[in-house]
Every structure is written in C-alpha cells, then in structure tokens.
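Here is the structure we will look at.
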Amino acid sequence: MSHFGDLVLTLRKERRLTMEVLARKIGSHKGYISGIESGKVNPPSVKVIKKYAKALGQDVKHLVRLAWVDKAPEIIREDAERFLEWCRSGMPPGAPKP
C-alpha cells in the first residue's frame, strides 16, 4: 500500500486528469506517474511533492507526511503509521492522549 500513490491516483481521477497531463504539470513523464500511483516507485522528493501539491490543489505538508510514511524503514513503519493517524485526528501538538 502506498498512501501517497493512492491519494495521487484518487485526486488525479477526481480532477479528470490523464497521466500525461499530470506529468506535464509536474515536469515528469507518464511512466513516472504510473509508477508512483501503483506503488512501484518510491514517493518523490519534497521538491517534486510541491509540484504535485500545486497541480492537485493539496496541502504540501499533508503530501510530505504521506510520502514520509511510505518511505519509513520497516522497523519504524508502525510508528510512522500511528503518527499519520495522529495527524489525521486533528489533535493539537502536546495534547494529552485519550
């Protein structure tokens, strides 16, 4: 499962963009977009994520978090997944755990 790739695929389809059009918007190639969306290619650098965020109208920090979780080494992947869930819950920093 690729959090980043899954979201990019969903957003691209919602916006009725082809892989070719999205690739042009971020300065890449259709094959790269396909690899990201299928999870066969690791999520891109922050520089490229910024281009995705602009092209898809998304918050860059959210996309960076998803990419970070996808890239997390197996030994801390569970921790990274929990961090992502915590971010999604909207809890402010320093808030006590329920």
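Only residues that are under 24 Å from Ala80 (Cβ atoms) and exposed (fewer than 14 other Cβ atoms within 10 Å of the Cβ) were counted across the stretch 1-45, and they come to 5. The single condition from (1) surrounded by 14 or more Cβ atoms within 10 Å (Cβ to Cβ); (2) more than 18 Å from Ser2 (Cβ to Cβ) that Gly57 fails is (1).
For beta carbons closer than 6 Å, sequence separation of 6+ or different chains, a first residue in the stretch 30-57 that is farther than 18 Å from Arg16 by Cα and a second that is of a type in the set (Phe, Trp, Tyr), the qualifying pairs are Pro43/Phe4.
The number of residues in the stretch 1-41 being under 12 Å from Tyr52 (Cα atoms) and of a type in the set (S, T, N, Q) comes to 1.
Within the stretch 65-88, the set of residues being part of a helix (DSSP H, G or I), within 20 Å of Val48 (Cα to Cα) and free of Cβ contacts under 8 Å to residues at least 60 places away in the same chain comprises Arg65, Trp68, Lys71.
Every number here is computed from the coordinates shown, using simple stated rules; none is lab data. Owing to the predicted nature of the structure, the values given are computational and were not obtained by experimental measurement. Note that we place each Cβ from the backbone using ideal geometry, even for glycine, and neighbour counts take in every protein chain shown.
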